[in-house]
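To keep things clear, I will list the structure first and then write my remarks on it.
The values are calculated or read from the model by the stated rules, or taken from the named source; none is laboratory data. If you're wondering where the values come from, they're calculated on a predicted model, not measured in any experiment. Glycine gets a Cβ as well: all are built from the backbone with ideal geometry, and neighbour counts include every protein chain shown. Note: accessible area is taken over every heavy atom of the protein model, side chains too, but ligands, DNA and RNA are not part of it. Shrake-Rupley method; radii C 1.70, N 1.55, O 1.52, S 1.80 Å.
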Amino acid sequence: PATLELAGADASLLTDLLPELQSIGYQVEPFGNNSFVIQGIPADVLQGNEKHSIELLIEQFKHFSSDIKFSKREKLVRCMARQRAIKAGQLLSQKEMLVLVEDLFTCSSPNITPTGSPTYLEFKEDYLDRIFGR
């Protein structure tokens, strides 16, 4: 188990989020004043990275903004997805890119990211003709 020490406000937020964290695979228990013990983590969180993962989830959760009102669990899942996302500039093999596109289009809403940004843009042929002067 790893011990996590947080500032007062973050500890209070984490305490409030414990049931939702448990539902997505984290096993975190209060351990004193502003301390917590991490007993378990979701399978896709790298071993040894559990403290950072929870700290990042808390930060992202605090700054989560959306026009749509999401539940705490939905916000956490979206923050977690953002954490695990492929970062700009990360090199992928041809196979990884194909799997990524296939996975994208099996989603219930493939056209937006967890934060609401578009995942792709569609350009009509007449628009491309105008851009390139044809």
Go through the stretch 63-79 and give me each residue that's open to solvent by less than 90 Å² (accessible area, probe 1.4 Å) and assigned to a helix (DSSP H, G or I).
-> K72, E74, K75, L76, V77, R78, C79
Name the pairs: first residue in the stretch 41-55 and without any contact (Cβ under 8 Å) to a residue 24 or more places away in the chain and farther than 10 Å from A2 by Cβ, second residue outside any loop (DSSP other than H, G, I, E, B) and open to solvent by less than 50 Å² (accessible area, probe 1.4 Å), Cβ to Cβ under 6 Å, at least 6 apart or on different chains?
-> V45/S53
Does A9 qualify as being in a helix (DSSP H, G or I), open to solvent by 30 Å² or more (accessible area, probe 1.4 Å) and either modelled with pLDDT of 90 or more or among the hydroxyl-bearing types (S, T, Y) (or both)?
-> yes
When the residues of the stretch 109-130 are filtered to those that are open to solvent by less than 80 Å² (accessible area, probe 1.4 Å) and outside any loop (DSSP other than H, G, I, E, B), which remaining residue is farthest from M80 (Cα to Cα)?
-> D129
Residue that is modelled with the highest pLDDT, among those in the stretch 80-108 that are among the β-branched types (V, I, T) and either exposed (fewer than 10 other Cβ atoms within 10 Å of the Cβ) or assigned to a loop (DSSP other than H, G, I, E, B) (or both) | T106
